[in-house]
């Protein structure tokens, strides 16, 4: 019986293998994931899958040796800068054979010149020219495809160029006008720019300096230093660019640095202005990768960038070996690749190229080129993004819905649907999907449109409500008198039942401080309302987790610290107020602050982002009135002068900070003790089970 079962299983596996290719069964070298709006990694379907790895022997030539760059020309040919072998190889579009090898070129005088460690290659279809960063010879060669050198670019003789630095070209590109941009390995002032005739024109696209605390402190010191000391101080310089690509009239640059956070990826126009300057975007993994060998977290290191014909931006990260693909709005689309030995993984990725739904990653450590193809899911996403970017919003809806049917974690699809519905005029639907995609800007625009329609449809009802409020305000005295008579009747009816409790409770502290307790409870709920119920267009809370502790601290604990601190300070400054009087007067002073919490929360569901100034005015007014009332309360309770009151408030705040600091230390100690007890208990139970 067992043999029969095994035979059936073997036959089934053979038939399954005949139906499904082996590659479909093979596991990827990495797990596909993406990031949600809060920067948390979430599982996602793969947009690309590795299909093959190509080496030098696979295309009919000797093995690559530390290749540095790959470029796809307009005629579908791949140009590979084979650095270690001092050559440039031309391969067909399918990587099935070598179409040409450039190891030497003919100069204008007829002599021959050889390449030495070429690290960058660019081919201009308009000019039918090759631009080679011949770093070993400290030059850039501009050549025709038949091997004739048209121009050599060497170290510029210009006061703008630092004469003490050598000319080490790493990458090179050229624009439509023939201007040449060279990324230099030893410069941080941007790419060296040359005219079509080879004349040095200056530097282009320098990164900004990171405004860290050290930089700011150094700047302040320089303001008060002499000229001699300023000249002796080291200058703070930004990191230099490490790669670039050109797409139409824009040049995209990337920077590989563990300290540079600004300008990691830039989109530069002809004037050198960064279009991405105002985008708060982190390119690469949002969570740093931990290196157990170096015992530290490694920041992303974007070493190369590629822009596809559809406008997708592909960033190659040396730290993780991953390709991060973004759309033209810098929204993350897909993540592919990793550091691994199997197919789809890299040892030392060096360059990335893309064409017709494929990614090509050059690995200088493995000396291979890995080819990634779009999955069905990837094609659907790219189709939706392309349709939307081209202005076909309604046509993009069905692909986005298909993406959501395949992957409910794919945030970009929610944003795409919300944008399409917004342009379609379906404001309610746009608000719904903008919430799901945590897209506050889209939600704000949709809410503005929905609000306009709501006001138009319910204009009569709104006018009636306003009129009733005005009438109620005009006749408020009569209404209050009527309410008073009703109140008297109610009290007379229940007076006998309540009389015996009133006499007893009047002597309790609960009755004495019931107003104070009510105010604190209202402040507690006001804090929660502001943190959890605010209008989505002004931000969004983390709906997955809710902790009541921060709200308790911001209401009850801080208030208690204020009362205790004020009472303690009054003993040193001869204040006459008791803790009870401080508590009651301080609570009354909090009423304007509490009112603004609820008012601002309510207005956040009515106003849009452009009208936030009204919320800010109310918030500032509420806080300012509370501050003044607290000051007056301290002055009256303790019978202080104005100066002594100000000094008392400062000392009270200092005492509060000390108490809160000690509270944090105490809680940390309790946590450590609890962990120690849990560890001992775990050890004891383990030994009991083992013994």
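The values are calculated or read from the model by the stated rules, or taken from the named source; none is laboratory data. Just so it is clear, the model here is predicted, and its values are computed rather than measured. Cβ placement follows ideal geometry from the backbone for every residue including glycine, while neighbour counts extend to all protein chains displayed.
Points worth noting:
- Any hit, segment 285-303, residues being modelled with pLDDT under 75, surrounded by 20 or more Cβ atoms within 10 Å (Cβ to Cβ) and either touching a helix residue (DSSP H, G or I) at 6+ places or on another chain (Cβ under 9 Å) or at negative phi (or both): no
- Set side by side, the residues 202, 178, 198 differ, and just one is in contact (Cβ under 8 Å) with a residue 24 or more places away in the chain, more than 17 Å from residue 83 (Cβ to Cβ), assigned to a strand (DSSP E or B) and out of contact with any helix residue (DSSP H, G or I) (no Cβ under 9 Å at 6 or more places or on another chain), which is 202.
- Any hit, segment 209-220, residues being in a loop (DSSP other than H, G, I, E, B) and at pLDDT below 60: yes
- No other residue among 49, 83, 61, 113 is closer than 30 Å to residue 384 by Cα and modelled with pLDDT of 90 or more apart from 49.
- Scanning segment 101-138 for residues that are over 15 Å from residue 65 (Cβ atoms), touching a residue at least 12 places away in the same chain (Cβ under 8 Å) and either surrounded by 15 or more Cβ atoms within 10 Å (Cβ to Cβ) or out of contact with any helix residue (DSSP H, G or I) (no Cβ under 9 Å at 6 or more places or on another chain) (or both) yields a count of 24.
- Residue that is farthest from residue 88 (Cα to Cα) [pool: residues in segment 140-154 that are over 39 Å from the mean Cα position of the chain (by Cα) and surrounded by 18 or more Cβ atoms within 10 Å (Cβ to Cβ)]: 153
- When restricted to residues that are closer than 21 Å to residue 349 by Cα, surrounded by fewer than 14 Cβ atoms within 10 Å (Cβ to Cβ) and in contact (Cβ under 8 Å) with a residue 24 or more places away in the chain, segment 73-100 contains 0.
- The one condition in (1) surrounded by fewer than 19 Cβ atoms within 10 Å (Cβ to Cβ); (2) farther than 25 Å from residue 529 by Cα; (3) at pLDDT below 90 that residue 548 fails to fulfil: (2)
- For segment 240-266, the tally of residues that are at pLDDT 75 or above and surrounded by fewer than 20 Cβ atoms within 10 Å (Cβ to Cβ) stands at 6.
- Being in contact with a helix residue (DSSP H, G or I) (Cβ under 6 Å, 6 or more places away or on another chain), assigned to a helix (DSSP H, G or I), surrounded by fewer than 17 Cβ atoms within 10 Å (Cβ to Cβ) and touching a residue at least 40 places away in the same chain (Cβ under 8 Å) is not true of residue 647.
- Residue match in segment 368-380 (condition: under 26 Å from the mean Cα position of the chain (by Cα), surrounded by fewer than 17 Cβ atoms within 10 Å (Cβ to Cβ) and within 28 Å of residue 69 (Cα to Cα)): yes
- Leading residue by the ranking (farthest from the chain's Cα centre (by Cα)) among those in segment 426-465 that are outside any helix (DSSP H, G or I) and modelled with pLDDT under 90: 458
- Selection status of residue 652, part of a helix (DSSP H, G or I), more than 30 Å from residue 534 (Cα to Cα), within 40 Å of the chain's Cα centre (by Cα) and touching a residue at least 24 places away in the same chain (Cβ under 8 Å): yes
- When the criteria are applied in full, residue 447 meets the requirement of being in contact with a helix residue (DSSP H, G or I) (Cβ under 7 Å, 6 or more places away or on another chain) and either surrounded by 12 or more Cβ atoms within 10 Å (Cβ to Cβ) or within 29 Å of residue 393 (Cβ to Cβ) (or both).
- Segment 240-264: number of residues that are in contact with a strand residue (DSSP E or B) (Cβ under 8 Å, 6 or more places away or on another chain) and closer than 21 Å to residue 202 by Cα: 14
- Residue check, residue 620 surrounded by 13 or more Cβ atoms within 10 Å (Cβ to Cβ), within 37 Å of the chain's Cα centre (by Cα) and at pLDDT 90 or above: no
- Summed over segment 577-599, the residues that are assigned to a loop (DSSP other than H, G, I, E, B) and under 21 Å from residue 643 (Cα atoms) give a count of 2.
- The set of residues from segment 556-576 being buried (at least 20 other Cβ atoms within 10 Å of the Cβ) and not in a helix (DSSP H, G or I) comprises just one member, 575.
- Annotation: of all residues in segment 407-418 being more than 20 Å from the chain's Cα centre (by Cα) and modelled with pLDDT under 90, the one that is farthest from residue 312 (Cα to Cα) is 408.
- Taken over segment 600-619, the criterion of being part of a helix (DSSP H, G or I) and either in contact with a strand residue (DSSP E or B) (Cβ under 7 Å, 6 or more places away or on another chain) or under 20 Å from residue 522 (Cβ atoms) (or both) is satisfied by 600, 601, 602, 603, 615, 618, 619.
- Scanning segment 188-213 for residues that are under 33 Å from the mean Cα position of the chain (by Cα) and buried (at least 21 other Cβ atoms within 10 Å of the Cβ) yields a count of 6.
- Qualifying residues in segment 333-348 (those that are crowded, with 21+ Cβ neighbours inside 10 Å and within 24 Å of the chain's Cα centre (by Cα)) - the one farthest from residue 281 (Cα to Cα): 337
- Any hit, segment 124-145, residues being out of contact with any strand residue (DSSP E or B) (no Cβ under 9 Å at 6 or more places or on another chain), modelled with pLDDT under 90 and within 26 Å of residue 59 (Cβ to Cβ): yes
- Residue 634 being closer than 22 Å to residue 524 by Cβ and part of a helix (DSSP H, G or I): no
- Search result, residues across segment 155-174 that are free of Cβ contacts under 8 Å to residues at least 24 places away in the same chain and either closer than 21 Å to residue 82 by Cα or surrounded by 15 or more Cβ atoms within 10 Å (Cβ to Cβ) (or both): 155
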